[in-house]
Amino acid sequence: MKRLSIVLVGLIFVLSMAGLAFAQEKAKTGKSPEATKPAEPAKPAEAANVQAPKPEGAKPEAAKPEVAKKEKPKVVKYRMGGIVVALDSAARKITIKQNKVRGERKVVLTVNKKAAKNLAGIKVGDEVNVGVTGKVITSLQKVS
């Protein structure tokens, strides 16, 4: 009885694998509707565009690269805070040091005209909060 059940389970397994194999073969041999259409004859305009073969010594023309349309990268807007390390009011540049858990970093940013009016009240060593778009400060506040 034990031997019969083992043979029966083995037979079911083999038949199930064979069924999967037949299903895959049937999918491969199935024809798509496009494959059953007859080939269309060449149009006269296409026949006129055929060029004569070039001599062996002639250099092949370089393929013209397609001009890819470059999408502008998305401008990143974020807020950050830190301590002012360097300040250049004339060039409207400010260097901010951030202390994070993962490490310390210094960032040099440009201040736009609207936020530049707040530069007068800021000096080196002040703690500031800034709103940044790209690498330009759009809002600047001194933390009291």
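The values are calculated or read from the model by the stated rules, or taken from the named source; none is laboratory data. Just so we're clear, the structure is a prediction, and the values are computed from it rather than from any experiment. As a convention, Cβ positions derive from the backbone with ideal geometry for all residues, glycine included, and neighbour counts pool all protein chains shown.
Within region 117-144, the set of residues being at pLDDT below 90 and surrounded by 15 or more Cβ atoms within 10 Å (Cβ to Cβ) comprises N118, L119.
Hey, can you tell me all the residues within region 95-144 that are closer than 14 Å to V85 by Cβ and under 33 Å from the mean Cα position of the chain (by Cα)? Before the answer, list the steps.
Our first condition is that a residue be closer than 14 Å to V85 by Cβ; within region 95-144, this holds for 95-99, 104-109, 122-128, 130.
Once the filter is applied, which keeps residues that are closer than 14 Å to V85 by Cβ and under 33 Å from the mean Cα position of the chain (by Cα), region 95-144 yields T95, I96, K97, Q98, N99, E104, R105, K106, V107, V108, L109, V130.
The set of residues in region 108-144 that are closer than 12 Å to T95 by Cα and basic (K, R) comprises K123, K135.
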